[in-house]
Amino acid sequence: MSLKDRIASLVEAQGPMSIADFMTLALHDPNLGYYAAHDPIGSLGDFITAPEVSQMFGELLGLWIVQAWRDQGSPSLCRLVELGPGRGTLTADALRAARLDPAFLSSIEVVLIESSPRLCAAQAETLKDCGKDIRWFERFDGSLVNRPLFVLANEFFDALPIRQYVMTDRGWCERMIGLDAEGNLAFALSPVAVQLVVPSERGSPEIGAVYETCPMGEAIVGQVAQTIAKQGGAALIVDYGYGANSGFGETLQAVSQHKYANILDTPGDVDLSTHVDFAALARAAARVGAKAHGPVEQGEFLRRLGIIRRAEALSHNDLHTVDAELRRLIDPDEMGRLFKAFTILPKTAPKPEGF
Ligand code: SAH
């Protein structure tokens, strides 16, 4: 039975499901879910990510983490955690750049948080010569909160399940997935309105406005930020998304083979993602006593970290390729504007580089 048919029979038996439940099944079903059954990342996959575009990305993020660690007094027992490492390229490049500071390398334990066994295997292969032992966890759990915590996450939060609410004349109604007259999956609205507290910076919603929330993203940021507030550390998150004052709008999208696809037609075969609400993540961090900075556009952030100089140094090998990679990462009409960098630090930490 296809995943689509399974979801349709679940809806038939139990009634409409939330978009969050649909995303969880479509992305993570252990047999037919997108991450279980596909190798999503890279030119042969469905999308390409910044660490796969160029080694410069992971190197600069790695050096940023080393600087954050020094700014906080170079704690001697701490963790470097990557959330959703894909093929492991970001951590590999970050660790290579961090060899500049052997004391940093010997102070960290490296932990990868990954739900897909297939991608864990790819990460182990990429990192086999990185010089550090690696521990894997399926989720960020309570055993990771007892040391200073340095976190990297690129295109992780956009992959987490969201809920959507639509303003109607009854108030906010949740957008669900039900069945149409022919038995196909179709969007539907919950009949009963829900009470939502929407931040006032968004403005006042008109009928038809869509508001998205990502409870899992906020919960993960809550745990990470609480650890950083108590133990020290820093989280550097890069993703496509928006800050406060962004108005309303839906951002859920399906991508297959580098092109947009239908969200409901072939669940499990297409990647699903959304834009990250950085203002919501900043509030989640502030609630537990940490401080968020950003978002800053990726192009600007990487320039401030010195990507132009790094590209010049590398271009002695292959000017043409390095220049193409640089443009891809920083040009406003490539990844430079849509993607943003965002960080969470202890309240007392000095202003971080790049923000
Ligand atoms: N950071 C990588 C990969 C981005 S794709 C890069 O930039 O190339 C998203 C990654 O997050 C994949 O590794 C995916 O398997 C993982 N992931 C998605 N949802 C997850 C979840 N709920 N828990 C743990 N990992 C998850």
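FYI, it's all coordinate maths here, none of it is from the lab. These numbers come from a predicted model, not from an experiment. Every residue, glycine as well, gets a Cβ built from its backbone with ideal geometry; the counts of neighbours run over all protein chains shown.
Listing for the model above:
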read-out	value
Between helix 3-14 and the chain: long-axis angle, C-alpha atoms, 0 to 90°, nearest 10	50 degrees
Furthest towards positive pole of dipole, Ala279, Val192, Leu44, structure part the chain, Cβ charges	Ala279
Added length on full extension, which subtracts the Cα-Cα distance from 0.36 nm per residue, Ile48 to Asp323	97.3 nm
Ellipticity estimate at 222 nm from DSSP helix runs (n ≥ 4, -39,500 (n - 2.57)) divided over the chain, nearest 500	-10500 deg cm²/dmol
Alpha carbon Rg of segment 3-346, scaled by the compact-globule rule 2.2 N^0.38 Å	1.02
Charge dipole magnitude, Cβ of K and R +1, D and E -1 - the chain, Cα centre, debye nearest 20	1420 debye
Magnitude of the charge dipole, segment 115-241, Cβ model with Lys/Arg +1 and Asp/Glu -1, debye to 20	540 debye
Longest DSSP-loop-exposure-free segment, trypsin sites (Lys or Arg not before Pro), the chain, at most 16 other Cβ within 10 Å	171-336
Charge dipole (the chain, unit charges on Cβ, about Cα centre) - positive-most of Ser115, Val238, Pro205	Val238
Cα gyration tensor shape for segment 302-341, rounded if a/c is under 1.5, else prolate or oblate	oblate
Extended-chain gain in nm, criterion 0.36 nm per residue less alpha-carbon gap, Met1 and Ala124	41.1 nm
In segment 101-208, GluC sites (Glu not before Pro) in a DSSP loop with at most 10 other beta-carbon atoms within 10 Å	Glu182, Glu206
DSSP-defined antiparallel bridges as percent of all bridges, the chain, nearest 5	60 percent
Note, ³J(HN,Hα) from phi for segment 306-313, Karplus 6.51, -1.76, 1.60, rounded to Hz, x at Gly and Pro	x, 5, 5, 5, 5, 5, 4, 5
Segment 3-346, relative contact order in percent, only Cα pairs under 8 angstrom and at least six apart counted	20 percent
